[in-house]
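Notes for the one structure printed next.
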Amino acid sequence: MTHTAAAYATHAADKPLELYAIKRRELGDQDIAIDILYCGVCHSDLHTARNEWGNTLYPCIPGHEIIGTVTAVGRDVKSFKVGDTVGVGCMVDSCGHCSACKTGEENYCEHGFIMTYNSALSENTHTFGGYSTKIVVAEKFVFHIPHQTNLAAVAPLLCAGITMYSPLRHWKIDSGKKVGIVGLGGLGHMGVKLAHAMGAYVVLFTTSASKIADGKSLGADEVVISKDPDQMATQVNSLDFILNTVAVPHNLDTYLNLLKRDGTMCLVGAPATPHPSPEAFNLIAKRRSLAGSLIGGLRETQEMLNFCADHDITCDIEMIAMEDINQAYERMLKNDVKYRFVIDMQTLRDKEK
Ligand code: NAP
Ligand code: ZN
């Protein structure tokens, strides 16, 4: 079996992604070898490719919303077989023994989980992500995909889906709650769908007037143009919970003011530079909380995939060829994606021939 794979890599923050050959590791006893079918394009891929968080290891091969087919399993692998459709998300390893790992929250591993891409390994190597034809991952970090069809639209659940699902569950969102979702991008559109499926009254906050109709058809009960102070004023002191997905620094007070007493705004957007500090009075006067959340653990990710299959939820995607990735990044920066790009990895496999 060959371990070489085609990939798309960038070699510096200001360089485009281009074709690059890599070797995947030999199959270990607990490993699963996967032929990648689809990989979603997360805004984190763009932040990392361009070193916006200042921690990028080059060559950088992004991609952590992976759907593929099992091509081989190691000797000790119990729950997968050749031919299974599987998923891989943002993590490929963690310490396994800290208090977070022991409670199934590997995403908060105290020793730092190994990210699917851009995590240092021994011998001066680092992890390469899903913009590639193949990957080898330990069984524990591979998910069963309960969806039978539309697999490309399932791929972004592995990051966008779980990043929304986990805080919605943590803050116990259900039919009694009024929930705000800020930003209708990859994460935000899944936030609208999931909060709606959990029974919440959902208010979408968007900067794009062109997204009002989509917001409603995705499950929002109301859509508010966040640049319009009159529309924002209608929501003051009314929301139990806000999930903020915006990828650039902005004034958080405009949203904190919309929370009820004891309400929480959870940040999941991860801008390259800090937000301006919120006004303390907006928090103390109504005992409001400002929080954050990072993807989700293994158990919860499988739970989210099963929840989505049960509720017939997938992502709204635009399929692209691998060679279109640089253009896709530019469109993502202009909020011009409805609502997640997904790479058809056959287009990269064709280049291998
Ligand atoms: P995305 O598809 O680009 O969506 C971001 C959305 O934010 C845009 O579609 C836009 O929606 C809104 N927006 C953009 N510029 C804005 C501005 N100046 N003011 C207000 N809103 C603006 O990105 P994504 O993939 O959903 O990722 C969003 C962020 O979450 C990124 O920073 C990413 O790195 C981070 N992330 C975090 C986690 C985590 O675990 N916490 C996981 C994955 C990603 P409208 O057009 O509706 O305004
Ligand atoms: Zn992501």
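All told, Leu348 meets the bar of being at pLDDT 95 or above, out of contact with any Asp or Glu (no Cβ under 6 Å at 6 or more places or on another chain), more than 28 Å from Gly215 (Cβ to Cβ) and hydrophobic (A, V, I, L, M, F, W, C). Here Ser122, Ser132 are screened, and the one residue that is in the same structural domain as Leu27 (by TED's automatic domain parsing) and modelled with pLDDT under 95 is Ser122. Only one of the numbered conditions (1) in contact with a helix residue (DSSP H, G or I) (Cβ under 7 Å, 6 or more places away or on another chain); (2) small (Gly, Ala, Ser); (3) closer than 29 Å to Leu27 by Cβ is not met by Ala152, and that is (1).
Against the conditions (1) assigned to a helix (DSSP H, G or I); (2) within 30 Å of Glu279 (Cα to Cα), Asn335 satisfies every one except (1). Please determine whether any residue of the range 70-86 is under 27 Å from Ala152 (Cα atoms) and within 16 Å of ligand 2 (Cβ to nearest atom). No, the range 70-86 has no match at all.
Considering Gly263, Gly292, the condition of being within 16 Å of ligand 2 (Cβ to nearest atom) and in contact (Cβ under 8 Å) with a residue 24 or more places away in the chain is satisfied by Gly292 alone.
When Val337 is tested against the conditions (1) under 20 Å from the mean Cα position of the chain (by Cα); (2) more than 30 Å from Ile22 (Cβ to Cβ); (3) touching a residue at least 60 places away in the same chain (Cβ under 8 Å), the lone failure is (2). What helices (runs of 4 or more DSSP H) lie completely within the range 225-324 and have 3 or more residues being away from ligand 1 (no atom under 11 Å from the Cβ) and not hydrophobic (A, V, I, L, M, F, W, C)? Output list reads 229-233, 298-310.
When the criteria are applied in full, Ser99 fails the requirement of being more than 27 Å from Ile320 (Cα to Cα), modelled with pLDDT of 95 or more and touching a helix residue (DSSP H, G or I) at 6+ places or on another chain (Cβ under 7 Å). The conditions of being in contact with a Phe, Trp or Tyr (Cβ under 9 Å, 6 or more places away or on another chain) and either surrounded by 24 or more Cβ atoms within 10 Å (Cβ to Cβ) or not aliphatic (A, V, I, L, M) (or both) are met by Asn51. Does His111 satisfy the criteria of being within 13 Å of ligand 2 (Cβ to nearest atom) and assigned to a loop (DSSP other than H, G, I, E, B)? It is false that His111 is within 13 Å of ligand 2 (Cβ to nearest atom) and assigned to a loop (DSSP other than H, G, I, E, B). Among the residues of the range 87-97, which ones are more than 16 Å from ligand 2 (Cβ to nearest atom) and buried (at least 16 other Cβ atoms within 10 Å of the Cβ)? Residues satisfying the conditions are Asp93, Ser94. The sole residue among Ala195, Ala233, Ala155 that is surrounded by 24 or more Cβ atoms within 10 Å (Cβ to Cβ), more than 19 Å from His43 (Cα to Cα) and at pLDDT 95 or above is Ala195. Against the definition (loosely packed, with under 13 Cβ neighbours inside 10 Å and not assigned by TED's automatic domain parsing to the domain that holds Asn150), how does Pro274 come out, yes or no? For Pro274, the condition - loosely packed, with under 13 Cβ neighbours inside 10 Å and not assigned by TED's automatic domain parsing to the domain that holds Asn150 - is met. In this structure, is His196 closer than 30 Å to Gln30 by Cβ, more than 16 Å from ligand 2 (Cβ to nearest atom) and either assigned by TED's automatic domain parsing to the domain that holds Val246 or not aliphatic (A, V, I, L, M) (or both)? So His196 fails the test.
Going residue by residue through the range 311-318, is there one that turns out to be away from ligand 2 (no atom under 15 Å from the Cβ), closer than 25 Å to Thr10 by Cβ and modelled with pLDDT of 95 or more?
Looking for residues that are away from ligand 2 (no atom under 15 Å from the Cβ), closer than 25 Å to Thr10 by Cβ and modelled with pLDDT of 95 or more, one finds at least one in the range 311-318, hence yes.
The values are calculated or read from the model by the stated rules, or taken from the named source; none is laboratory data. Owing to the predicted nature of the structure, the values given are computational and were not obtained by experimental measurement. Glycine also receives a Cβ, built like all others from the backbone with ideal geometry; neighbour counts cover every protein chain displayed.
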